[in-house]
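Peer 1: Can you keep this structure in mind? I'll have questions shortly.
The values are calculated or read from the model by the stated rules, or taken from the named source; none is laboratory data. What you see is a predicted model, and the numbers here were worked out from it, not measured in a lab. Methodologically, a virtual Cβ is constructed for each residue, glycine included, from the backbone with ideal geometry; neighbour enumeration extends over all protein chains shown. Ligands, DNA and RNA are excluded from the accessible area calculation, which covers all protein heavy atoms including side chains. Shrake-Rupley method; radii C 1.70, N 1.55, O 1.52, S 1.80 Å.
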Amino acid sequence: MAVFDNVMVTGNQTVKKDFQVDGNQTIMKDLRVNGNQSVMNDFKVVGDQTIKGSLQVNGSETIKKHLSVGGDISAKYRLGVRALPTVPPGPPTGHQVRYFASSIANQPGLLLKGTDGNDYILFIDTTGGTPHLAIQKA
């Protein structure tokens, strides 16, 4: 196996087997992986990253701006928002939480597990003109 101190590729490079980096790796443009990629320590993306398959994080993931997901996000325990909310000015109105016994397939909303073991969808119902917190069985 050839050993090099430095390798500079100014054009395209295809690696048909394993590409192992034991130190740091800086990629200025695109890194395209058609198979699987394992990162044992830190993976830092300064620009945008598109993942067409799955991204599995066994530790923690910090996203400083936006996470856009076209499908489902699954959290084993909690999906948390760390920012402190601000109470809007004026007194709150006496609205109740609405429970819908029937369900709509693929209802968008926040999926939460109930103490009965069933899944429930939490969403905002504005059909009467006033927003209400609403729950339906998934």
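Peer 1: May I ask you to list pairs of residues, at least six apart or on different chains, whose Cβ atoms are under 8 Å apart, with the first in the stretch 53-79 being aliphatic (A, V, I, L, M) and the second being open to solvent by 100 Å² or more (accessible area, probe 1.4 Å) and assigned to a loop (DSSP other than H, G, I, E, B)?
Peer 2: Once the first residue is aliphatic (A, V, I, L, M) and sits in the stretch 53-79, its partners that are open to solvent by 100 Å² or more (accessible area, probe 1.4 Å) and assigned to a loop (DSSP other than H, G, I, E, B) give Ile73/Leu67; Ile73/Leu79.
Peer 1: A further question follows. Under the condition of being assigned to a strand (DSSP E or B) and loosely packed, with under 14 Cβ neighbours inside 10 Å, which residue from the stretch 104-118 is nearest to the chain's Cα centre (by Cα)?
Peer 2: Start the filter on the stretch 104-118 by keeping residues that are assigned to a strand (DSSP E or B), which leaves 110-113.
From what is left, the residues that are loosely packed, with under 14 Cβ neighbours inside 10 Å are 110, 112-113.
On the way: Leu110: 13, Leu112: 16, Lys113: 19 Å.
Looking at residues that are assigned to a strand (DSSP E or B) and loosely packed, with under 14 Cβ neighbours inside 10 Å, I get Leu110.
Peer 1: Sort out which residues of the stretch 79-103 are of a type outside the set (Val, Ile, Thr) and open to solvent by less than 100 Å² (accessible area, probe 1.4 Å), and write them in order of number. Quick ask: steps written out before the conclusion?
Peer 2: Of the stretch 79-103, the ones of a type outside the set (Val, Ile, Thr) are 79-80, 82-85, 88-92, 94-96, 98-103.
Residues satisfying the conditions are Gly80, Ala83, Pro88, Gly90, Gly94, His95, Arg98, Phe100, Ala101, Ser102, Ser103.
Peer 1: For the structure I just gave you, tell me whether Ile121 is open to solvent by 70 Å² or more (accessible area, probe 1.4 Å) and among the hydrophobic types (A, V, I, L, M, F, W, C).
Peer 2: Taking the combined requirement at face value, the residue does not satisfy it.
Peer 1: Quick check on the stretch 2-14. Is at least one of its residues farther than 30 Å from Asp119 by Cα, surrounded by 10 or more Cβ atoms within 10 Å (Cβ to Cβ) and either touching an Asp or Glu at 6+ places or on another chain (Cβ under 7 Å) or of a type in the set (A, V, I, L, M, F, W, C) (or both)? Before you say what the answer is, go through the steps one by one.
Peer 2: Of the stretch 2-14, the ones farther than 30 Å from Asp119 by Cα are 2-14.
Within this subset, residues satisfying the condition of being surrounded by 10 or more Cβ atoms within 10 Å (Cβ to Cβ) are none.
Checking the stretch 2-14: not a single residue is farther than 30 Å from Asp119 by Cα, surrounded by 10 or more Cβ atoms within 10 Å (Cβ to Cβ) and either touching an Asp or Glu at 6+ places or on another chain (Cβ under 7 Å) or of a type in the set (A, V, I, L, M, F, W, C) (or both).
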